[in-house]
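Right, one structure below, let's go through it.
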Amino acid sequence: MSKKFTKVDRIRLQDLLTNSSKLNFKEIGKAINKNGTSISREIKKYLTTVEASTFNTSKATRCIYSTKCSEKHLCSNCRFPRKLKCSTCDLCVNLCKKFNTVCPKLKKVPYVCNGCENFRYCRLDKRVYYAENAHKNATEFRSKSRTATCLNKRDFLKEDELLTNLVCKGQSLHHIFISHSNEFNCTEKTIRNRIKNNLYSCSRNDLPASKRIRSSKVVKREPMLDKVLTNRTYSDFLSFKPTIPCEYVEMDTVIGRVGGKVLLTFQFIQSHFMLAFLLENKTAESVLFAFYNIRNILAKHNLSQHDLMPVILTDNGKEFSKVDLLETSQSTGEILSNIFFCNPYCSSEKPHVENNHKLIRRIVSHDSSFDFLTQQDINLMMSHINSYKRLSLMDKSPYELFENLHPGIASMFGITNIESDEIILNKHLLDK
């Protein structure tokens, strides 16, 4: 026997109260499969009070004692001191202590006027159970009770300050919740709903995910030479992929000002860790120079390019045309990496690096120039991005996973771990 009333239950209850007024709550409960106590509680909680109309009648006639009342001279300056009783004067209603508009029958079961024989002619205030109004009020009450916060004012203000400060740094709600799970007494979804209902100082527009990223224009590229693509197409990569002993790397470039400096990025698939290198321009020579620098850094620690990036997947941009020099060592002729190219205009074939570029664009927007940046600035930016906790990584950061797979390599390239509360993912990170 459910205690919850549906709309159908309330309609049947109203019908029984109106047409079967002699039934008690226990008998009504049996008819609609409810407990008598639940019936009583439902009626008392959701009844509707209707004031009696005073059209063509005196306000004093709404009193239950109006026909038997003999009170006189309640007003010191009565207009009719000898002729009329106070029960016929509307001015005396506010002074009479016995004035009462509640029918005595409402103190007994069923507590409402639905089945009363004098309903149409009664001049007293009425209490009526309407199924439509009761269901609407019950729904609103249930919704309000579930959306209201259960925090006291002190804890709520503390929670609000924490959220606002970290959201203003560009951090996502999930990252904040994971980093401070002990300081919230609710779920992440509840916090998101509170922000949606404007309970906190920060709004939905302040959250990174709610900001729309302008769609980039499709840039026509010169096709890669067929001899370069031989045995390096995306189909060849899919055939080669099952033989890869470890994670592969997705490579791409991020453009700043046209003709200016660009970023060469490497995304490690297994850990989502990203390295970025500042190039003077978007040319094959600049990319090759960056590879030489990577090899020199690794060589100082007795490592090679093959140890870090044995397989690379990239797009068929012209800046990667010197693929033979990128793959092999000039001194020994050893193959250091196997490089493969995606199909033209198919960025979905390397989604990990494309998706991680969104975090870069939070800090340097599409219309920004990289000319004023240094490699130290890029290392700082990547340190914040790689320390950012991800839901897809079981609430771990790329830095933590990369350190487990390749201990000490992140520090070789100037990447450090940033504390959760110190992470900044907006344009203020590189303010100078």
Filter the range 305-327 down to the residues that are open to solvent by less than 40 Å² (accessible area, probe 1.4 Å) and polar (S, T, N, Q), then identify the one that is farthest from the chain's Cα centre (by Cα). Gln305
Taking the range 127-184 only, how many residues are among the aromatic types (Phe, Trp, Tyr) and open to solvent by 60 Å² or more (accessible area, probe 1.4 Å)? 2
Hey, does the range 144-164 have a residue that's at pLDDT 90 or above and assigned to a loop (DSSP other than H, G, I, E, B)? no
Of Lys211, Lys169, Lys189, the only residue that is at pLDDT below 85, within 31 Å of the chain's Cα centre (by Cα) and not polar (S, T, N, Q) is Lys211
Taking the range 367-393 as the region of interest, how many residues are in contact with a strand residue (DSSP E or B) (Cβ under 9 Å, 6 or more places away or on another chain), under 13 Å from Leu263 (Cβ atoms) and assigned to a loop (DSSP other than H, G, I, E, B)? 3
Residue set Phe372, Phe340; condition in contact with a helix residue (DSSP H, G or I) (Cβ under 6 Å, 6 or more places away or on another chain) and among the aromatic types (Phe, Trp, Tyr); output residue Phe340
Report the residue count in the range 29-54 for those that are over 40 Å from the mean Cα position of the chain (by Cα), in contact (Cβ under 8 Å) with a residue 60 or more places away in the chain and over 26 Å from Arg123 (Cβ atoms). 1
Scan (1) modelled with pLDDT under 90; (2) assigned to a loop (DSSP other than H, G, I, E, B); (3) under 30 Å from Lys136 (Cβ atoms) for the single condition Thr67 breaks and write down its number. (3)
Would you be able to tell me the number of residues in the range 396-418 that are outside any helix (DSSP H, G or I), loosely packed, with under 15 Cβ neighbours inside 10 Å and modelled with pLDDT under 95? 2
Could you please find all residues in the range 1-21 being over 43 Å from the mean Cα position of the chain (by Cα) and free of Cβ contacts under 8 Å to residues at least 40 places away in the same chain? Asp15, Leu16
May I ask you to verify whether Phe156 is more than 29 Å from Lys389 (Cα to Cα), free of Cβ contacts under 8 Å to residues at least 60 places away in the same chain and not charged (D, E, K, R)? no
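The values are calculated or read from the model by the stated rules, or taken from the named source; none is laboratory data. Computed from a prediction, not measured in an experiment: that's the story for all the values here. Cβ: placed from backbone, ideal geometry, glycine included. Neighbour counts: every protein chain shown. These accessible areas exclude ligands, DNA and RNA; they are computed on the full protein's heavy atoms, side chains included. Shrake-Rupley method; radii C 1.70, N 1.55, O 1.52, S 1.80 Å.
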